[in-house]
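**Student:** Structure provided below as structure tokens; questions to follow.
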Amino acid sequence: MKCVICNSEKLNLIKSNYKPYLDYQYEIFDCQNCQARFVSPFENKNVHEDLHKFKGNIYDLERENLNKAKYFFNNKDIKGYRKFLSKDFRY
Ligand SMILES: [Zn+2]
């Protein structure tokens, strides 16, 4: 195992069995040389596809908000449009 930034092999394992989402499991390392923090495996090409395909993912919520905004816009409902866009969209 080497640092993804400087290639140093002087690493500290911060956490093993880190599961931020779904069933993907990572280890978290700190590099003693450049202090970069990174996960291993660093790249997992399947994770993005998996995160987007389940119903209720964050992108579904964005699409839903887009459709609501379009509804107000297309119906020239300025008050509704303003109220909707003033909404707090934090999740
Ligand atoms: Zn490093």
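**Student:** So for LEU66, LEU85, LEU11, fewest C-beta neighbours within 10 Å to most, what's the order?
**Tutor:** LEU66, LEU85, LEU11
**Student:** Here is a further query. Each residue of region 9-25 in turn: what ³J(HN,Hα) in whole Hz from Karplus with 6.51, -1.76, 1.60 and θ = phi - 60°, glycine and Pro shown as x?
**Tutor:** Coupling constants for region 9-25: 9, 8, 10, 10, 6, 8, 7, 10, 6, 7, 10, x, 7, 6, 9, 6, 10 Hz.
**Student:** Calculate the spin-label point distance for GLU64 paired with GLN35, positioning each point 7 Å from the Cα along the beta-carbon direction, and give it in nanometres.
**Tutor:** According to this spin-label approximation, the distance is 4.1 nm.
**Student:** Students often get this wrong: which residues of region 13-40 have the backbone nitrogen under 20 Å from the point 7 angstrom along Cα-to-C-beta of ASN57?
**Tutor:** Only 19-26 fall inside the zone, counting backbone N under 20 Å.
**Student:** Continuing with this model, one more query. Give me the percent relative contact order of the chain, please, defined on Cα pairs under 8 angstrom at least 6 residues apart.
**Tutor:** Averaging sequence separation for qualifying contacts and normalising by length gives 16 percent for the chain.
**Student:** A further question follows. Would you please put 30-39, 49-58 in order of how densely packed they are, using the mean number of other Cβ atoms within 10 angstrom per residue and starting with the highest?
**Tutor:** Highest to lowest by the protection proxy: 30-39, 49-58.
**Student:** Can you give me the long-range amide H partners of ILE14? Hydrogens built in the peptide plane at 1.01 Å from N, cutoff under 5 Å, separation of 5 or more residues or another chain.
**Tutor:** HN-HN under 5 Å from ILE14: ILE28, PHE29, ASP30.
**Student:** What is the gain in length, in nm to one decimal, between GLN25 and ASN75 on full extension, counting 0.36 nm per residue of separation less the C-alpha to C-alpha distance?
**Tutor:** 13.3 nm
**Student:** May I pose another question? Rounded to the nearest 500, what is the 222 nm mean residue ellipticity of the chain from helices alone, with -39500 (n - 2.57) per DSSP H run of 4+ residues and division by all residues?
**Tutor:** Mean residue ellipticity, 222 nm, calculated: -11500 deg cm²/dmol.
A short reminder: the numbers here are calculations on the coordinates, not readings from a lab. Predicted model only: the values in this text are computed from it and were never measured. Here the Cβ is made from the backbone with ideal geometry for all residues, glycine too, and neighbour counts use every protein chain on show.
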